[in-house]
Amino acid sequence: MNDKTIDFSKYAVFVDGVTSGSSKDYQCFIESLSSLDTKGANIERLLTAAVGISAEGGEFMEIVKKMVFQGKPWNDDNREHLIIELGDVMWYVMQACMALDVSIEDVVAGNVEKLKKRYPGGEFDVYKSENRAANDR
């Protein structure tokens, strides 16, 4: 293990320097929201969706983590809890679809097309997973 001493006060200055204005200044944040709103972004729903998907995905992962690493049993109660959390994720996915004015069917169809391009044979390939084309997000 490397014994490196970190000067956290210098690190804090670095972090502050590479942080956007909208991330640390209220007025700049409000101007960013206003700019997005005037350009047609449904920022209220987008923020609701982004925060919610992340939070609920974390709750889903917490259950899986406890089963894999902490001995939480695979049983009907935990399976049901996962389904409930997945439903919460879907609620926020629908918020995102509404914000983007796109159907969930179109989102899924787009995902299928993306994966067909990445895996043209229809099977997972580690190399293709790790070495994607420039336009493959």
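Mind grabbing the base-10 log of I(q)/I(0) for the stretch 74-121 at q = 0.14, 0.26, 0.28, 0.30 Å⁻¹? Debye formula, identical points on the C-alpha positions, no solvent, two decimal places.
Results for the stretch 74-121 at q = 0.14, 0.26, 0.28, 0.30 Å⁻¹ read -0.54, -0.86, -0.91, -0.97.
Starting from the Cα of K114, draw a straight line to each of the aspartates and glutamates and keep only those under 16 Å, dropping any in the same chain fewer than 8 residues away.
E105, D106, E123, D125, E130, D136
For K117, go through the lysines and keep the ones whose alpha-carbon is under 22 Å away, minus same-chain ones fewer than eight residues off.
Once the sequence-local lysines are set aside, what remains near K117 is K128.
At 1.4 Å probe radius, can you tell me the per residue accessible area of the chain in Å²?
Accessible area per residue, the chain: 79 Å².
So, counting K/R as plus one and D/E as minus one, what does the shell of residues with Cβ under 13 Å around I53 add up to?
Neighbourhood net charge equals -3.
Give me the one-decimal Kirkwood hydrodynamic radius in Å for the chain, with the sum taken over alpha-carbon pairs.
19.4 Å
If each DSSP helix of 4+ residues adds -39,500 (n - 2.57) and the sum is divided by the residues in the chain, what number results at 222 nm, nearest 500 deg cm²/dmol?
Helix-only estimate at 222 nm: -23500 deg cm²/dmol.
At 1.4 Å probe size, with the rest of the protein present, what percent of the exposed accessible area of the stretch 8-124 is carbon and sulfur atoms?
61 percent
Rounded, prolate or oblate: which fits the stretch 1-48 when a ≥ b ≥ c are the square roots of the eigenvalues of the alpha-carbon gyration tensor, with rounded for a/c under 1.5 and prolate only if a/b beats b/c?
Verdict is prolate for the stretch 1-48.
The values are calculated or read from the model by the stated rules, or taken from the named source; none is laboratory data. This is a predicted model, so every value here is computed, not measured. Positions of Cβ are generated from backbone atoms using ideal geometry, with glycine treated the same way; all protein chains shown enter the neighbour counts. We work out accessible area using only protein heavy atoms, side chains counted, and drop any ligands, DNA or RNA first. Shrake-Rupley method; radii C 1.70, N 1.55, O 1.52, S 1.80 Å.
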